[in-house]
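K.L.:
Next up is a structure, given as structure tokens.
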């Protein structure tokens, strides 16, 4: 193309003229950079160097800056390099880039190993922060709940019902479907392996205890952490990003009371309901497979179930549900309020909400297992 | 308004845009000439931003024809379209900076994608752009959430100018700036227009900007351009909204 930028070197006695021509614009930036880097090596080779830009067809910030950079690197030596032939149009642009100082240094690169150690240190130190944050939020939520108990009129029923619909009613189909399938699988696996000992019927014991005590509530809690915990974090996080939470505070509302208490309450009510439905669906699925695959007819299944399980198993499962809901909710709300201004931060905290939520649910389940074992339930 | 203007950098013909059953733009024609600063005004909700977004290609139109740099954007293939997109810059109303990138990375983003140049040059260009839009080079390592509203506007302008475009769309560039900052911004747009030969399409409500920065003003109303011309033309117009806008209390304050 004819507009390609050039920089011709013309000797003028003791001095040297660098004649720029063509288009000195962003489109030609790679070529321009090469030309200028080459010309910068002329530094100090002549007593007097000047840059003639009268032939330049078009100039933009890229071109102007590169000419200015060339001028600077040529002037350092003994004499000041000059720019000649500047048209009135471009002189203001060149004046503009002349004000540009050197680029500020970016953060220095550390050793990789130091960076890794630093990261580990920060993470470990962050654990105590996480625990304190959770306890802090638990306290704030309980305080807000206490306030609402004293002044019941400040309770946000509409909001609670709305969230109950979101986390409970709308979750029913998927929760029932998944627990039903898990019940089917447990039953099929049980029958398949127990049959070798002729102990088919014990699949009912296994199914009953497993589903009512552990799987029902644990599985549902994990699903709720993924489904509703992430939603809470994302909602609160984007409200935090857009200063909506600050707006609430300035109007004299407590965000804990307005936003978090209804969500927590909805979750604490929803999880036992979902866990119950999930347990029933799993028992139904297990019974169905036991009948169709294992030849245990429904009547025998129910009789065996009545012998195998006691109400204790059911109570153990149901007692765990609201506690797990509270853990999920608190983790989700803490993470939501920790979101900073960027989209990336929102993503990180939503991920952290789900991961931590599931982790704490399983930890709680272990604590409950020890507790119930020691009181003999 | 069918006369062909050879020098028109944007040529909009008979554009209709509809959201549901609400017709926002109704057979609108508009020309933007090369090298001018066009101020685009109109009542709130008249569809100024919609027209801008339609020209950029973010809002689908029902009918009509849009040419930018002589390229019909509907008929253009993807390479032609990219070519056009490289030659314009857009400043969104809220800045639309990438929140997970620093100011430096935001400004470098288009250049890094389109040009194969060294990191050193990219860093230097960032400093140059920041100085041009009146910011200190130290803000380069901050994230958008750590900037004030006015700084966000300036950084967004720097990003819009990153590839030295020939045409920039500014959607309410001075809203949310203090009067001095807004005046500086107008001056900046003027300087850039002079030095870089920019064509500027500026949606604005700022009477000061219209007086000091704009060469020509177009007024949107009822989905059409109801008037286009200089400030003097606007003040002479008999249209009630224009009368109120340019001869109202605030306008008199500006002139005085």
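K.L.:
Step by step: first the residues of the stretch B:102-138, then only those that are more than 10 Å from chain A (Cβ to nearest Cβ) and assigned to a helix (DSSP H, G or I), then the one that is surrounded by the fewest Cβ atoms within 10 Å (Cβ to Cβ). Which residue is that?
P.N.:
The extreme case among them is B:113.
K.L.:
I've got another one for you. When the stretch B:151-169 is examined, which residues are found to be within 14 Å of chain A (Cβ to nearest Cβ) and in contact with a strand residue (DSSP E or B) (Cβ under 8 Å, 6 or more places away or on another chain)?
P.N.:
Selection gives B:157, B:159, B:160, B:161, B:162, B:163, B:165, B:166, B:167, B:168.
K.L.:
Tell me which of these residue B:45 doesn't satisfy, since it passes every other one: (1) assigned to a loop (DSSP other than H, G, I, E, B); (2) free of Cβ contacts under 8 Å to residues at least 60 places away in the same chain; (3) crowded, with 20+ Cβ neighbours inside 10 Å.
P.N.:
Of (1) assigned to a loop (DSSP other than H, G, I, E, B); (2) free of Cβ contacts under 8 Å to residues at least 60 places away in the same chain; (3) crowded, with 20+ Cβ neighbours inside 10 Å, only one is false for residue B:45: (3).
K.L.:
Quick check on this structure: which one of A:288, A:274 is within 20 Å of residue A:180 (Cβ to Cβ) and either within 14 Å of another protein chain (Cβ to nearest Cβ) or touching a helix residue (DSSP H, G or I) at 6+ places or on another chain (Cβ under 6 Å) (or both)?
P.N.:
Of the residues listed, the single one that is within 20 Å of residue A:180 (Cβ to Cβ) and either within 14 Å of another protein chain (Cβ to nearest Cβ) or touching a helix residue (DSSP H, G or I) at 6+ places or on another chain (Cβ under 6 Å) (or both) is A:274.
Table: residues versus (1) touching a strand residue (DSSP E or B) at 6+ places or on another chain (Cβ under 6 Å); (2) part of a loop (DSSP other than H, G, I, E, B); (3) more than 14 Å from every other protein chain (Cβ to nearest Cβ); (4) buried (at least 19 other Cβ atoms within 10 Å of the Cβ).
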{"residue": "B:25", "(1), (2), (3), (4)": "yes, no, yes, yes"}
{"residue": "B:54", "(1), (2), (3), (4)": "yes, no, yes, yes"}
{"residue": "B:61", "(1), (2), (3), (4)": "yes, yes, yes, yes"}
{"residue": "B:89", "(1), (2), (3), (4)": "yes, no, no, yes"}
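K.L.:
Let me ask you something else. Kindly establish whether residue B:65 is outside any loop (DSSP other than H, G, I, E, B), in contact (Cβ under 8 Å) with a residue 12 or more places away in the chain and under 19 Å from residue B:15 (Cβ atoms).
P.N.:
So residue B:65 fits the description; yes.
K.L.:
Restricting to the stretch A:67-87, name every residue that is at pLDDT 75 or above and assigned to a loop (DSSP other than H, G, I, E, B).
P.N.:
If the condition is that a residue be at pLDDT 75 or above and assigned to a loop (DSSP other than H, G, I, E, B), then A:85, A:86, A:87 are the ones that fit.
K.L.:
Let me ask something else about it. Scan the stretch B:191-215 residue by residue and report those that are surrounded by fewer than 19 Cβ atoms within 10 Å (Cβ to Cβ), farther than 18 Å from residue B:92 by Cβ and either away from every other protein chain (no Cβ under 14 Å) or within 13 Å of the chain's Cα centre (by Cα) (or both).
P.N.:
Those that are surrounded by fewer than 19 Cβ atoms within 10 Å (Cβ to Cβ), farther than 18 Å from residue B:92 by Cβ and either away from every other protein chain (no Cβ under 14 Å) or within 13 Å of the chain's Cα centre (by Cα) (or both): B:193, B:208, B:211, B:212, B:215.
K.L.:
Answer with yes or no whether residue A:347 is closer than 29 Å to residue B:148 by Cβ and surrounded by fewer than 21 Cβ atoms within 10 Å (Cβ to Cβ).
P.N.:
yes
K.L.:
Report whether or not residue B:221 is surrounded by fewer than 18 Cβ atoms within 10 Å (Cβ to Cβ), within 23 Å of residue B:10 (Cα to Cα) and at pLDDT 80 or above.
P.N.:
Yes.
Table: residues versus (1) touching a strand residue (DSSP E or B) at 6+ places or on another chain (Cβ under 7 Å); (2) more than 12 Å from chain B (Cβ to nearest Cβ).
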| position | (1), (2) |
| --- | --- |
| A:29 | no, no |
| A:34 | no, no |
| A:38 | no, yes |
| A:42 | yes, yes |
| A:50 | yes, yes |
| A:53 | yes, yes |
| A:60 | no, no |
| A:64 | no, no |
| A:69 | no, no |
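K.L.:
Only helices (runs of 4 or more DSSP H) wholly contained in the stretch A:88-179 count here; list those with 2 or more residues that are touching a residue at least 24 places away in the same chain (Cβ under 8 Å) and within 14 Å of chain B (Cβ to nearest Cβ).
P.N.:
Correct list: A:88-98.
K.L.:
Before we move on, is residue A:234 surrounded by 24 or more Cβ atoms within 10 Å (Cβ to Cβ), assigned to a helix (DSSP H, G or I) and at pLDDT 90 or above?
P.N.:
no
The values are calculated or read from the model by the stated rules, or taken from the named source; none is laboratory data. Worth saying up front: this structure is predicted, and the values here are computed from it rather than measured. Every residue, glycine as well, gets a Cβ built from its backbone with ideal geometry; the counts of neighbours run over all protein chains shown.
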